[in-house]
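Engineer: Just dropping this structure here.
The values are calculated or read from the model by the stated rules, or taken from the named source; none is laboratory data. Treat the numbers as computed from the prediction; the structure is a model and nothing was measured. Cβ sites come from the backbone with ideal geometry, for glycine too, and all protein chains shown count toward neighbours. Side chains are part of the model used for accessible areas, which takes the heavy atoms of the whole protein and leaves out ligands, DNA and RNA. Shrake-Rupley method; radii C 1.70, N 1.55, O 1.52, S 1.80 Å.
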Amino acid sequence: MNSPVTPTAPTTKRTVATNDSIGYRFKNLVLGPPLHTDRLEHETLGKPTALAVFASDNLSSSAYATEEILRVLVPYVGLAAFTLVTPITIALLVVLGFLILSYRQTIKAYPSAGGAYIVTRDNFGLLPAQVAGVALLTDYVLTVAVSVAAGSDALASAIAPIAPYKHWIALGFVVLIAYGNLRGTKESGKLFAAPTYFFIGNMLVLLLVGAYRMAFTSLSKAPTSGVDKMLELGNHHGNGLLMGATVFIVLKAFGSGGAAVTGVEAISNGVPAFRPPAWKNARSTLVVMGSLLGVMFLGLSMLAARIHTMPFEGGVPSVISQVGKYVYGQSALGHVLFYLLQAGTMLILVLAANTSFADFPRLASFHAGDNFMPRQFMIRGHRLVFSNGIIFLAIAAMATLLATGGEVSRLIPLYAIGVFTSFTLSQSGMAKHHLRRRESGWRSGLVINGIGALLSLLVLAIVATVKFTEGAWIIVVLVPIMVFGLVRLNNAYETEELELKKDAKKAAEARTRPHHAVVVLVDTLDAATARAMQYARTLTPDELRAVHFDLDPWTSRLLVEAWEKLGFTRFPLDIVECPDRHISRAAHSLVEHLVATGETELTILIPRREYIKVWHRLLHDHSSNAIAAELASIPHCNVTVVPYHLGTATASRPAVDAHVSGNGHNGRLVRMGPAADVDASDLPAERTPIAELVPRQRITVAGRVRAIRVQPWGGNPSLECSLSDDTGGITLVFTGRRQVPGIQIGTIMSVSGVAGEHHGVRAILNPAYTLLRTPNEPSDPAHH
């Protein structure tokens with residue numbers, strides 16, 4: 001087996017210069033330096049920060065849920081709406097209480113991440129899980145849209161002149177939150193924690209002052225007539241149990257207020273982001289979140305009912321801002337407290353979108369891991385977050401805002417369907433989980449999750465019925481379409497994997513052809529061609545040749561003359577006729593001829609110039625891509641593009657051998673240079689720097705495993721790995737073993753043995769070793 005040349009490890013640390021692209025340098029400047037994968041375990045959150053990250057969506061709904069209830073009731077029952085708003089709020093809090101209890105069960109049963117998708121997949125299978133997942137994904141998009149739209153309303157309620165621009169302000173909020181999350185989970189937590197607690201503090205002050213004034217002083221009522229832009233006020237006060245409202249209207253108001261319980265599932269989706277013990281911290285945070293929401297939602301509804309605050313068309317001024325004005329009064333201190341309340345409301349509403357940015361990328365990665373979404377959603381980006389999911393969510397939310405004009409009242413009907421669909425499937429899945437597992441306490445868990453599932457289904461039916469004509473039909477239609485699309489994508493991935501596995505088995509069992517020929521396709525004799533020829537010689541084939549397709553006799557003659565002058569006579573050049581100037585067809589014909597005997601494995605090398613500047617690329621053809629595509633389907637023909645990068649420092653350097661001959665063995669493992677990411681404080685004091693070891697003497701060295709050779713099962717069993725400290729690297733060889741538990745990329749270990757040579761490189765054979773730290777187990781050292 002051929003392998004890269006092993007460079008001599010330097011004896012001192014040095015900075016390696018890299019040719020980073022402008023885009024990468026800009027990313028470093030905007031987002032900060034990339035985080036090492038080892039930092040993933042340190043990106044977890046404590047309970048106070050996690051509450052800010054995952055609960056902002058749930059807590060922020062208290063700022064507009066009361067208003068949405070009144071928006072339905074006031075036009076039908078007038079002032080009687082203020083009698084109904086508190087009972088409807090209490091009914092919603094009963095639903096909230098059961099959901100909190102239900103999700104505590106979910107977190108305990110699924111500590112690795114217990115969102116609706118995972119629970120439904122585990123208990124009902126992949127297809128129902130897609131319904132739950134799609135419902136949640138659409139909910140997260142709408143959460144962002146609703147939150148920033150309501151936040152811009154709060155800002156416009158405090159600063160009236162900016163009301164015409166609140167839609168564009170909402171779009172700017174989306175960009176800001178996406179940027180904060182692209183900087184990393186811990187960074188976004190720090191960024192958004194203070195505003196969340198600022199809002200909580202303001203709401204508690206509002207409720208305390210309001211309760212005091214209700215109990216001990218007068219609390220004036222808002223005017224109910226003569227107000228422009230107000231919703232049409234009912235002309236009666238109502239009577240009877242429902243104060244004159246029909247059951248349909250009350251259920252409609254209940255469905256609108258259902259937005260208050262959204263975001264409950266966010267913590268169960270984000271359990272892995274909590275510090276250990278993650279599931280216990282997540283459960284306690286969930287209870288704190290539910291308690292805070294219950295107090296704020298009920299308190300605001302009671303104050304709104306006492307003051308008679310009216311919902312306005314367009315959402316400005318908001319109900320919460322009116323409550324703030326009447327509770328705080330017109331004094332200087334009252335004005336200060338009012339503006340602090342509006343600032344806190346705006347911040348929490350805007351930052352409620354952060355819950356979606358924390359959970360949507362993680363949920364999308366689960367879908368992608370099951371082959372139901374593009375696999376790009378599984379990739380952790382520059383700062384160890386799922387960057388593609390964050391960017392996609394931001395774009396989808398901005399498109400939703402543009403489509404709805406950023407009006408909260410138009411978004412709410414879309415919002416609740418996905419929420420309660422996922423609630424219903426999640427709690428039903430947990431009920432089935434208890435019946436299947438029958439773990440300790442399963443009966444009480446079954447009761448809790450069963451009631452949670454029934455309540456969620458009831459609310460879902462109410463919302464889907466009463467809000468259907470107001471826009472809920474869009475989600476009802478969209479979810480099945482999206483599920484169909486994800487299933488088709490899954491079929492494509494599954495078919496692709498099946499084909500690859502089948503072909504891999506066929507190729508592994510196929511007879512090896514005894515003759516290896518290498519052909520370099522030559523257009524002109526330049527540095528790119530010379531690089532490909534140099535690489536071809538390192539492959540040590542049985543037959544080596546260069547081929548030029550004759551498109552222009554004059555050009556071909558010049559090439560032959562240049563070939564002879566540069567001394568390439570041992571590297572034959574074939575000039576092949578191409579009368580129709582169709583190079584791909586000519587190449588196909590040539591390859592068919594060369595492999596026709598059934599004894600030849602053919603490698604085609606295509607030199608290609610790579611250009612830095614886009615306009616340079618436009619000035620040159622891309623015939624190499626067409627040739628590679630044409631030859632890809634021919635059995636026993638392997639096409640390799642050999643790039644030559646123009647306009648970089650590497651282009652001015654002589655080409656270096658990329659491979660060396662096997663020389664009768666499997667080559668040698670790449671021995672990495674010094675490891676800059678190994679802190680000397682992590683290594684034992686009594687050790688020899690790798691750069692200073694003396695051959696044939698017993699030594700102890702320590703460092704990080706940076707490369708491992710995986711041997712095929714048919715070969716002699718051995719494990720080779722490259723160990724590096726901050727001075728250099730050495731190869732460790734464990735004979736007779738294909739793997740050693742704990743030794744993997746990133747393991748920090750100490751080894752003792754006699755330094756020698758193995759296939760021409762410094763190595764220690766069968767050393768004694770101690771694992772100091774493994775990537776997945778940062779616990780006590782394991783001695784062997």
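Engineer: Over the range 409-536, with a single point scatterer placed on each C-alpha, what log10 of the ratio I(q)/I(0) does the Debye formula yield at q = 0.13, 0.17 1/Å?
Structural biologist: Log-scaled intensity ratios, in q order: -0.80, -1.04.
Engineer: Before I look further, what does the range 549-606 give for accessible area per residue, probe 1.4 Å, in whole square angstrom? Before the final figure, lay out the partial values.
Structural biologist: Working: 3520 Å² over 58 residues.
With the other protein chains kept in place, the range 549-606 gives 61 Å² per residue.
Engineer: Convex hull over the Cα atoms of the range 71-183, averaged projected area in nm²? Kindly include the intermediate steps, with their values, before the conclusion.
Structural biologist: Numbers: hull surface 44.7 nm².
Approximately 11.2 nm², given one-decimal rounding.
Engineer: Could you work out how far apart the two model spin labels at THR465 and ARG437 are, taking each label as a point 7 Å from the Cα in the direction of the beta carbon, and quote it in nm?
Structural biologist: Between THR465 and ARG437, the label points sit 3.5 nm apart.
Engineer: Enter the accessible area per residue of the range 438-507 (Å², integer; probe 1.4 Å; all protein chains in place).
Structural biologist: Numbers: 4480 Å² over 70 residues.
With the other protein chains kept in place, the range 438-507 gives 64 Å² per residue.
Engineer: Over the heavy atoms of GLU494, what accessible area does a 1.4 Å probe trace out, to the nearest 10 Å²?
Structural biologist: 80 Å²
Engineer: Relative contact order for the range 111-170: what percent, with Cα pairs under 8 Å and sequence separation of 6 or more? Intermediate values should be presented prior to the final figure.
Structural biologist: Values: 32 pairs, mean separation 12.9, N = 60.
RCO, the range 111-170: 21 percent.
Engineer: Under a crude label model (7 Å from the Cα following the beta-carbon direction), how far is THR83 from SER331 in nanometres?
Structural biologist: 3.5 nm
Engineer: Pull out a ≥ b ≥ c, the square roots of the eigenvalues of the alpha-carbon gyration tensor of the range 716-771, then state rounded if a/c is under 1.5, prolate if not and a/b is larger than b/c, and oblate in the remaining case. Walk me through the numbers on the way to the answer.
Structural biologist: Numbers: a/c = 1.55, a/b = 1.03, b/c = 1.51.
Oblate, since a/c reaches 1.5 and b/c is not below a/b.
Engineer: Now a separate question. Take the cross-link list LYS432/LYS501; LYS108/LYS252; LYS166/LYS467 and give me the ones stretching past 30 Å between alpha-carbons.
Structural biologist: Details: LYS432/LYS501 35 Å; LYS108/LYS252 34 Å; LYS166/LYS467 26 Å.
Too far apart for the 30 Å limit: LYS432/LYS501; LYS108/LYS252.
Engineer: What order do MET482, MET378, MET533 take when sorted by accessible area (1.4 Å probe), most exposed first?
Structural biologist: MET378, MET482, MET533
Engineer: Next question, about the same structure. Using the heavy atoms of the protein chains and a 1.4 angstrom probe, tell me the accessible area per residue for the range 59-206 in square angstrom.
Structural biologist: On the way: 4310 Å² over 148 residues.
With all protein chains present, the range 59-206 gives 29 Å² per residue.
Engineer: Modelled label-to-label distance, THR555 and LEU176, 7 Å Cα→beta-carbon offset: nm?
Structural biologist: It works out to 5.8 nm between the two label points.
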